[in-house]
Every structure is written in structure tokens, then in C-alpha cells.
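Report on the structure given below.
All of the numbers you see were taken from the coordinates with simple rules; none came from a lab. All values reported here derive from a predicted model rather than from experimental measurement. For neighbour counting, all protein chains shown are included, and Cβ atoms are generated from backbone atoms with ideal geometry for every residue, glycine included.
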Amino acid sequence: MTVEVGTELPEQVLRVTRADLVRYAGASGDLNPIHWSDRTAREVGLPGVIAHGMFTMALAGRAVTAWTGDPSALVEFQVRFGRPVVVPDDDEGAEVTVRGKVAALLDDGRARVDLTVTSDGEKVLSLARAVVRLP
């Protein structure tokens with residue numbers, strides 16, 4: 001794989017359903033009802049049930065590791081949570097789109113990848129960056 005500044009990662013569009021949130025809650029232990037109860041989510045001012053922030057971050061990480069072909073190539077990863085991913089109570093769920101571009105080649109065989117992560121046309125992760133070890 002030839003990588004240079006400006007190399008774009010393939011866009012990934014990932015679906016998040018309520019069933020995904022239930023599985024993630026069980027695995028992570030984060031059983032906060034804003035991730036499964038519309039009533040509770042609305043009571044605290046949210047538009048509805050939202051995906052766990054760390055789940056959304058994991059989707060972005062998955063897009064990077066799919067591009068590298070090696071999960072161990074991801075050596076640094078950071079994001080800021082900008083907006084929640086609202087997950088409707090239907091079979092379609094929500095779409096999360098991950099785009100990335102190599103922003104810098106580091107002098108130790110690594111590259112910094114800047115990510116844009118959106119849902120429903122809104123950026124949901126800010127300052128999303130990954131550092132990957134190049135093959």
C-alpha cells in the first residue's frame with residue numbers, strides 16, 4: 001500500500017440499531033437508560049435514545065483498522081465527542097459515516113490520519129485523529 005499525505009481512506013457507512021446498543025451496553029456495563037429508553041432520554045433533554053460515545057468512537061476506529069488491514073497498526077487514537085448519534089426505534093437505526101485522510105507522514109514509519117465522522121449530516125466526533133504504523 002502506497003501512502004502519502006492526502007491519501008483518502010475508503011468511506012465507510014455503518015448502521016447502528018437499538019439492538020447494537022443493547023449488545024454494547026451488556027459488553028461495556030454502561031446501562032445508562034439514555035441508551036435504551038426514549039422517555040428517559042427526552043426527560044434529560046435529548047431528542048431520543050443516543051448511541052454510547054465510546055461505541056461511536058469504536059466505529060471510527062474500525063474504519064481505520066479496516067484500511068490498515070491490521071488492528072495492531074492503530075497506535076494512537078483520540079476524539080472529542082461533538083454531538084450524539086440519535087438511534088431511532090426502527091429496523092433501520094442510524095447511519096454513521098466515517099471518512100479519513102492522511103494528514104501527515106511521521107518520520108518513524110507512522111502516519112497521522114484525520115477523520116470526519118458524521119451522522120444525519122452532522123459531525124458527531126470532533127478532532128478525531130489516529131496514528132497508524134505503516135507496513
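Any residue that is surrounded by fewer than 18 Cβ atoms within 10 Å (Cβ to Cβ) and under 29 Å from Val132 (Cα atoms) - is there at least one of those in the range 30-40? Scanning the range 30-40 turns up at least one residue that is surrounded by fewer than 18 Cβ atoms within 10 Å (Cβ to Cβ) and under 29 Å from Val132 (Cα atoms). Filtering the range 1-52 to residues that are assigned to a loop (DSSP other than H, G, I, E, B) and β-branched (Val, Ile, Thr) leaves Thr2, Val3, Val5, Thr7, Thr17, Val44, Val49. Residues that are of a type in the set (Val, Ile, Thr), farther than 11 Å from Ala130 by Cβ and in contact (Cβ under 8 Å) with a residue 12 or more places away in the chain occur in the range 43-50; there is at least one.
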